[in-house]
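Everything below concerns the one structure shown next.
The values are calculated or read from the model by the stated rules, or taken from the named source; none is laboratory data. In this text the structure is predicted, and so the values were computed from the model without any measurement. Neighbour counts are summed over all protein chains in view; Cβ atoms, including those assigned to glycine, are modelled from backbone coordinates with ideal geometry.
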Amino acid sequence: MNKDFDEIYRLYSADLYRFILNICKNEASAMDIMQETMLKAIENIDNFKGECSIKTYLFTIARNLYLDSLKKAENQNISSDATEQEFSDGTSFVDKLTDKESALSIHRLLHNLDEPYKEIFSLRVFAELSFREIGDIFGNSESWARTSFFRAKKKIITLMTKEEKS
């Protein structure tokens with residue numbers, strides 16, 4: 001069991017950390033939530049029925065822990081820190097993600113998106129989860145995840161286009 005969990009940690013901790021950091025925007029909090037996620041996963045492994053992947057299971061725990069931390073902060077009055085589309089210059093969204101300067105712009109704009117768009121976009125692009133896994137995390141369907149991702153991507157493209165015109 002311990003050896004198996006070491007392998008799970010090795011395989012998923014980096015992706016899990018990046019996902020959490022992207023939604024909470026704080027390195028210390030992201031590390032805390034990641035460690036708490038792994039601890040909860042170990043403690044509750046008997047509840048894992050295999051209906052989703054281990055990665056989806058971990059991301060779901062992390063998401064719930066993050067949301068819990070937001071609720072706690074709010075209660076204490078503490079603020080907490082599909083189809084290919086092209087831009088007017090002919091570049092695709094994927095091209096923009098691979099260009100360092102554009103990728104930084106996308107990350108900045110991503111933080112301005114409302115939930116769940118920000119989280120769905122991060123899960124799909126940075127954590128490379130399938131739409132089915134994303135839907136499972138949110139308790140929704142694969143098509144819901146696909147549509148929400150498309151809307152998030154469209155919002156980012158609109159913001160980038162406005163920014164480029166300014």
Does residue 53 fit the bill of being of a type outside the set (Lys, Arg) and either assigned by TED's automatic domain parsing to the domain that holds residue 137 or more than 16 Å from residue 136 (Cα to Cα) (or both)?
no
For the subset of the range 43-97 comprising residues that are at pLDDT 55 or above and among the basic types (Lys, Arg), which member is surrounded by the fewest Cβ atoms within 10 Å (Cβ to Cβ)?
49
Scan the range 8-61 residue by residue and report those that are assigned to a helix (DSSP H, G or I), closer than 17 Å to residue 135 by Cα and among the hydroxyl-bearing types (Ser, Thr, Tyr).
56, 57, 60
